[in-house]
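Here's the structure, in structure tokens; my notes come after.
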Amino acid sequence: MSLQPPAEGWYETPVARDERSWVAVATVVCLCLYVWMIGWHIYGRQNPSSISYRIEPAEYMQLHTAWVPRYQIGEENGVPVVAPPPGSDVFLLGQMWRWAPVLVLQKGQEYTFHLASVDLLHGFSLQPVNMNFMVYPGYDYVLRFRPTETGEFTVMCNEFCGIGHHMMTGKIYVVENAAELEQLRQRFQAPQQ
Amino acid sequence: MYRAPIFRLCEITGLRVDRTGERLIRANAVAAVVAFLTAVVGALLLVLTRWQTVHLLPAEWYYRILTLHGVNALIFWIVFFEIAGLYFGSTIVLNSPFCAPKTGWFAFGLTVAGFLLTNAMILSGQADVLMTSYVPLQAHPLYYLGIILFALGALVGVFLFFGNLMVARQAGMYGATLPLFTYGLAAAAIIAVITLVSGAIIYVPTLLWAMGVLPKLDAALYKLVWWGLGHPAQQINVSAMVAVWYLAAYLTVGGMSVNERISRIAFLLYILFICLASAHHLLTDPAVSSVWKVWNTSYAMYLAVLASMIHAFAVPASIEAAQRARGYTRGLFQWLAKAPWGNPTFSATVLAIIGFGFIGGITGVIYGMEQTNIIVHNTLGIPGHFKGTVVLGTTLTFMGITYYLIPLVFRRRIVGMGLARLQPWMFAIGIALLAVSMIGLGVLGVPRRHWDIGFSMAPFRHSFPAVADLLWVLFALGGLMAVLGALLWIGIVVASVFFGPRLQGAEDMPLPIATPVRTQHSSTGKFVAPGTFVLTLVFLATFLVFFWLNWKWLAAAWEVR
Amino acid sequence: MSATQEQEFPKIPLFRLLLDDVLLLLFLGVAIYAVSYLLWGVMEIASVAPFPEELKAQIVQQAGGGQ
């Protein structure tokens, strides 16, 4: 009786069998969901990392600019193309309104991404894999990615970052082996038409 | 400052109504409808822009109207209506006077001032920061001031609710235990305190930062505290909505909670744990650890989800038990088939329960898990989820109950009852279509808050699978239908409140108030609501299917740790 | 004596008192949220370590060597 105080004895009323069963089932489901998340950290292969570092935007920019030429293999649409060696650190920069550089990765190899922004919040959205992470100014989000498929992937921005937000895209190539990497190297070294 | 309240006796409910309190309820409800209209106009423009076949607004105006829509739909409409609801539940329902009417008007003045100032700043193009206004994105200081004024006024309103409870308690209007409806509102009010205090904690420094007094605000700290406002604001809705479900079950079929203790424990779980879910917004973010994420995102081991699942049984069960007591006992579902479907409050409530559970609830739990959030964060699936909770759930519920509140509080008859019967269906089907297509687009990776997914001016283009085109058409269809349903509701409300024939007596009541039926279920060995039990099992099965799908999709993604 | 007192004032279960006490619930709701979400969250954010100097030196040096 939702408009009047309950009748005397409301507290002692026994719970009906169906409601009791449903509450029991629901409780078990809830506990399973909780355990599942912890279990995925142990057995699953997709978990957000807990590693982040504090870093001033200017400082991150310095790292990014020092790192890009090291493994640069060319340029695409005016954006440097970088092929970092497997296992190395990757400084993918989010800035109004670009992702830099274009990356060339090898399938099955792990790369330590350092995601950071030098201005506003951005959303790292890898498509069509559909993996999404937040990118902050002032923080380096350390995520160790291992691409499991080859192909061309787009990085979109999916956190609003001003009027040019929808123009903020980047690119990641994943190649099978060193020979394919070489093909890409030649493609991006050649002068673009 | 004692004021002798002027009561009128309601001949329909037999309740004593404090006229001053009633005027405050009316004022807040009218403001709610104005905010809702603003949000709906925004929604129309947004649907016609994101559906890129039309692509109505230029980019600048798209983000501007998106800010307007978010703030008005998720904050102003909902909070104004909830304040009206809180006043209703703490005065009229308890036969009790409003504790401090002058303060009530002061609070109303603050909220209206905040509402006007915020919207003025948005429309003048000085606050293109979206509802979340993530620092270091910066708006004009007056925008933040507007929100602060609104939050302050709302906070005063919430404390007046507690004041009303104390007055009623002292006058012995409810003994020790509140009516369940008011109890649910009390839960909402408690969550509102958490929400509004978090809002103050974050918006005051942000205002100072925008004024140049504070040199810098940490982006992570801002986002953490802001969601202490942003998410619990929607949990107020959940709690208030469930309270209204119990009320609607009572008014339409005379349904009563099959076990008051269990229903109250569910509200208790909301109060204690639901606000932890603010962490849903930080699952793919740096700076907070997985331990913090898993604990908070799960509302401390899913205790608030347990609460929602309890209500998901208890509310339909209250309807079923009442119907069965009335003699509709054949089979599992005769009670449902013979329900008063012609009563728009009833149909709105049932549709809201189904929509909230199957669309909003299932996606909410799965998208809010730490790892699956990776494949949905900031995709269109997220607004798809909360179209299911806030719009199909809360908004439709609030729409439904107004068909009783207009005659009871505004003392007017409903203009266009035939249309009113149609309205919940139109709105529900529209929003359901909209939400489901958004969820589908989210699965494809389509971003939310994005003006051009054709990437016509971007250095690299991405094209989404062809099925996206079909989903966009459904999105537009659903969106337009929902807008029509919303405008229809606004039309009925405005016509009834301002031009409707005055209610002369109980015989003028457009919708009957059902006679409560005493249900007997003293034996624990019995099923009180077998039909509902089956329905909840169907819900559980649907949940498991969607759970399995999402984790399968996640497992197919790149490895990340 | 105690028996008659209990008869006159039937013992109300503590949990029922908790359910009925809105102000106590207000306190508990705010407290749990403030500690579990807010304070813990702020502490985690405040304790984020600075970017390791070692790695920084390595990146910048490598680049210098490459020039």
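At a glance:
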| quantity | calculated |
| --- | --- |
| Residues located in the range A:1-44, provided they are among the small types (G, A, S), part of a helix (DSSP H, G or I) and surrounded by 19 or more Cβ atoms within 10 Å (Cβ to Cβ) | A:A26 |
| Search result, residues across the range A:45-100 that are within 11 Å of chain B (Cβ to nearest Cβ) and part of a helix (DSSP H, G or I) | A:P57 |
| Tally, over the range B:242-291, of residues that are aliphatic (A, V, I, L, M), within 30 Å of A:S117 (Cβ to Cβ) and at the interface with another protein chain (Cβ under 7 Å from one of its Cβ atoms) | 5 |
| Tabulated pairs, the range C:50-63, first without any contact (Cβ under 8 Å) to a residue 24 or more places away in the chain and farther than 17 Å from A:R70 by Cβ, second surrounded by 15 or more Cβ atoms within 10 Å (Cβ to Cβ) and among the β-branched types (V, I, T), C-beta under 8 angstrom, 6+ apart or interchain | C:P50/A:I55; C:F51/A:I55 |
| Search result, residues across the range B:444-503 that are polar (S, T, N, Q) and over 26 Å from A:H166 (Cα atoms) | B:S496 |
| Odd one out for B:V390 among (1) touching a Ser or Thr at 6+ places or on another chain (Cβ under 9 Å); (2) within 16 Å of B:V238 (Cα to Cα) | (1) |
| Unique match (being in a helix (DSSP H, G or I), surrounded by fewer than 24 Cβ atoms within 10 Å (Cβ to Cβ), at pLDDT 95 or above and more than 17 Å from the chain's Cα centre (by Cα)) among B:L74, B:L46 | B:L46 |
| Any hit, the range B:332-355, residues being touching a residue at least 24 places away in the same chain (Cβ under 8 Å) and over 25 Å from B:F181 (Cα atoms) | yes |
| Enumeration of residues in the range B:161-176 that are free of Cβ contacts under 8 Å to residues at least 24 places away in the same chain and within 8 Å of another protein chain (Cβ to nearest Cβ) | B:G175, B:A176 |
| Pick from the range B:284-298, criterion touching a strand residue (DSSP E or B) at 6+ places or on another chain (Cβ under 9 Å) and among the aliphatic types (A, V, I, L, M), ranking: surrounded by the fewest Cβ atoms within 10 Å (Cβ to Cβ) | B:V288 |
| Given (1) touching an Asp or Glu at 6+ places or on another chain (Cβ under 6 Å); (2) within 30 Å of A:Y136 (Cα to Cα), index of the condition B:Q235 fails | (1) |
| A:F124 being over 10 Å from the mean Cα position of the chain (by Cα), more than 7 Å from every other protein chain (Cβ to nearest Cβ), without any contact (Cβ under 8 Å) to a residue 40 or more places away in the chain and within 22 Å of A:D89 (Cβ to Cβ) | no |
| Any hit, the range B:96-103, residues being farther than 28 Å from B:F455 by Cβ and within 13 Å of another protein chain (Cβ to nearest Cβ) | yes |
| Residue among B:I271, B:I265, B:I319 that alone is assigned to a helix (DSSP H, G or I) and surrounded by fewer than 24 Cβ atoms within 10 Å (Cβ to Cβ) | B:I265 |
| Single match in B:G500, B:G531 (criterion: over 25 Å from the mean Cα position of the chain (by Cα) and over 30 Å from A:G9 (Cα atoms)) | B:G500 |
| Failed item in (1) of a type outside the set (A, V, I, L, M, F, W, C); (2) more than 14 Å from chain A (Cβ to nearest Cβ); (3) in contact with a helix residue (DSSP H, G or I) (Cβ under 8 Å, 6 or more places away or on another chain), with B:H450 passing the rest | (2) |
| Lone qualifier among B:V415, B:V436, B:V390 - being away from chain A (no Cβ under 14 Å), hydrophobic (A, V, I, L, M, F, W, C) and assigned to a loop (DSSP other than H, G, I, E, B) | B:V415 |
| B:A307 vs. criteria over 15 Å from A:A16 (Cα atoms), in a helix (DSSP H, G or I) and not basic (K, R) | yes |
| When residues of the range B:178-232 are limited to those that are touching a Pro at 6+ places or on another chain (Cβ under 8 Å) and among the hydroxyl-bearing types (S, T, Y), the one farthest from the other protein chains (Cβ to nearest Cβ) | B:T195 |
| Residues of the range B:160-178 classified as surrounded by fewer than 24 Cβ atoms within 10 Å (Cβ to Cβ), touching a helix residue (DSSP H, G or I) at 6+ places or on another chain (Cβ under 8 Å) and not polar (S, T, N, Q), total | 4 |
| Residue check for B:V473: more than 12 Å from chain A (Cβ to nearest Cβ) and either assigned to a loop (DSSP other than H, G, I, E, B) or closer than 30 Å to B:V54 by Cα (or both) | yes |
| Pick from the range B:322-347, criterion more than 23 Å from the chain's Cα centre (by Cα) and crowded, with 23+ Cβ neighbours inside 10 Å, ranking: nearest to the other protein chains (Cβ to nearest Cβ) | B:A322 |
| Residues located in the range A:156-176, provided they are facing chain B (nearest Cβ under 8 Å) and β-branched (V, I, T) | A:I163, A:T169 |
| Residue count for the range B:519-535, restricted to those that are at pLDDT below 85 and within 15 Å of B:T329 (Cα to Cα) | 4 |
| Selection status of A:E159, crowded, with 20+ Cβ neighbours inside 10 Å and either touching a Lys or Arg at 6+ places or on another chain (Cβ under 6 Å) or in a loop (DSSP other than H, G, I, E, B) (or both) | yes |
| Index of the failed condition, A:G108 passing every other in (1) part of a strand (DSSP E or B); (2) more than 9 Å from chain B (Cβ to nearest Cβ) | (1) |
| The lone exception for B:G478 - which of (1) within 14 Å of chain A (Cβ to nearest Cβ); (2) touching a helix residue (DSSP H, G or I) at 6+ places or on another chain (Cβ under 9 Å); (3) in a helix (DSSP H, G or I); (4) of a type in the set (G, A, S) it fails | (1) |
| A:V129 of a type in the set (V, I, T) and either crowded, with 23+ Cβ neighbours inside 10 Å or more than 27 Å from B:S133 (Cα to Cα) (or both) | yes |
| Qualifying residue in the range B:92-106 (condition: in a helix (DSSP H, G or I), surrounded by 21 or more Cβ atoms within 10 Å (Cβ to Cβ) and of a type in the set (S, T, Y)) | no |
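The values are calculated or read from the model by the stated rules, or taken from the named source; none is laboratory data. Please read these numbers as outputs of a predicted model, since none were measured by experiment. Note: ideal-geometry Cβ built from the backbone for every residue, glycine included; neighbour counts use all protein chains shown.
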